[in-house]
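Nothing in this text is a laboratory measurement; each read-out follows from the coordinates by a stated rule. Please read all numbers here as calculations on a predicted model, not as lab measurements. Please note: Cβ atoms are built from the backbone with ideal geometry, for glycine as well, and neighbour counts cover all protein chains shown.
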Amino acid sequence: MSKPKPAVVPLHQIPIGPPAADCFALMIEKSLGTTQSGKPYYHCKFRDAKRTVGAMIWEDSDTYADCDRTWQVGGFYKIRCIFSVSDKYGPQIHIVNLRDVRDDDKADGFDEGNFYERSRFDSDAMFEELTKLAETEIADVHLKALTLGILAEHGDSLKRLPATQGKFFPFPGGWLEHTLSVTKNCMLLVDRYRLVYAELTPPLNRDIVVSAAMLHDLGRVAEYNVSELPGLPVELSVEGRLFGHVALGRDLIRLEASKHGELDRELLMLLEHVVLVHLALPEWGSPKLPAVPEALILHHADDLDAKLEMFVRNLTNDKSPGDLTEPDSVLKRALWKGRKA
């Protein structure tokens, strides 16, 4: 009697083995290397929406020839594998067998949407909402035109961008989800503090806070190269490596401003400064310290939104035993997940 084939299990649910398990996975990396003795090998990475694993394919393995000739980054595969976790290399799989996904695999639960993280919200709807806020919440006609011009020109890219490569909102639509949230929080904060500090002359500039909130991470469109295939990691562009998103964002604002000669020069300088220093701290990449109060509002709204998303994702995705999560490499701490209140 033949052995029953293993059930198909989501990659992120495969327990440490053996025995081998079957899963579907997206290949996101394939790099050729050589051992110290000069023998070739491939280091591959596969993922679903909740787990990324590495796989070493050695020259003398049964799968090396197929990996060399036919396995492709961006391809979906059905894999029979044994899962393990290495202290040095993290989650790993030993591949017993691998083939391309077929149409009949849908009966076993294959769905392309299960293999990469994405925003909880529709990118088109978020972009439309952000554009509507620019139209209705920025009073200065010329600053409004600049902001809308930038959003319109880069809209297709902004809908696909993550907010970051791997820190917060690191998925397609993440840029929009983060930017929309920061903009709404900035509106609440500037409205409150304009009342609290009514004696300030000139008053807190609401238009600048709103526009800067929308444009503070604009430089990501030039900093990142985003694949047309969803689920693949974003890569830094040459410009991103040389200058970073803060400087690139200021350049894009200046480029658009050159089309709007009526925009007040001091207003433009204020917008550039708030965007340029929104990280606030030199160790975070800010070239200067904030010199206007509007920059403080954006900085703290931005930092809160980023940190809270990292907390929530860590608490939601952690599968470790006990009352604390595994220490997060970005937050540099473990979080208390065992609370009942």
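Between residue 72 and residue 329, residue separation times 0.36 nm minus the direct Cα-Cα distance comes to 89.6 nm. For the options 100, 323, 217, a Gaussian network treatment of the chain with springs between C-alpha atoms closer than 10 Å singles out 323 as fluctuating the most. Excluding same-chain neighbours fewer than eight residues apart, the lysines reachable from residue 259 by a Cα-Cα span under 29 Å are 132, 144, 159, 184, 288.
Our summary gives region 123-317 a relative contact order of 21 percent, counting only alpha carbon pairs under 8 angstrom and 6 or more residues apart. Shape descriptor for the chain: Rg over Rh equals 1.05 (Cα atoms; Rh from the Kirkwood inverse mean 1/r). Of the residues 219, 240, 197, the one whose Cα sits farthest towards the positive end of the charge dipole of region 193-260 is 197 (charges of +1 on Lys and Arg Cβ, -1 on Asp and Glu Cβ, taken about the Cα centre). For region 191-341, would you read off the P(r) tail past 27 Å as a percentage of all alpha carbon pairs? Of all Cα-Cα pairs in region 191-341, 40 percent lie more than 27 Å apart. Largest GNM mean-square fluctuation among 176, 308, 296, using the chain with Cα springs under 10 Å: 308. Rounded to the nearest Hz, the phi-derived 3J(HN,Hα) couplings of region 117-122 under the Karplus curve 6.51 cos²θ - 1.76 cosθ + 1.60 (θ = phi - 60°) are 5, 8, 4, 5, 10, 5, where x marks glycine and proline. Percent antiparallel among DSSP beta bridges with both residues in the chain, to the nearest 5? Once the DSSP bridges in the chain are tallied, antiparallel ones form about 90 percent. When the convex hull of its Cα atoms is viewed from all sides, region 11-114 shows a mean projected area of 6.9 nm². Relative contact order of the chain, taken over Cα pairs closer than 8 Å and 6 or more residues apart, is 11 percent. Magnitude of the charge dipole for the chain, about its Cα centre and with charges confined to Cβ atoms of Lys, Arg (+1) and Asp, Glu (-1), is about 1140 debye. With Cα atoms as the point set, the radius of gyration and Dmax of region 64-198 evaluate to 22.3, 72 Å.
In this label model, residue 111 and residue 228 are separated by 2.6 nm, measuring between points 7 Å along each Cα→Cβ vector.
Taking label positions 7 Å along the Cα-Cβ direction at both residue 157 and residue 84, the computed distance is 4.3 nm, reported to one decimal. Under 5 Å from the amide H of residue 163 lie the amide H atoms of 171, 174, 175, each residue being 5 or more positions distant or on a separate chain, with H modelled from the backbone and absent for Pro and chain starts.
In this simple spin-label approximation, residue 64 and residue 260 carry label points 7 Å from Cα along the Cα→Cβ vector, and these lie 6.0 nm apart. Mean-square fluctuations from a GNM of the chain, with a 10 angstrom spring cutoff on Cα atoms, peak among 45, 144, 319 at 319.
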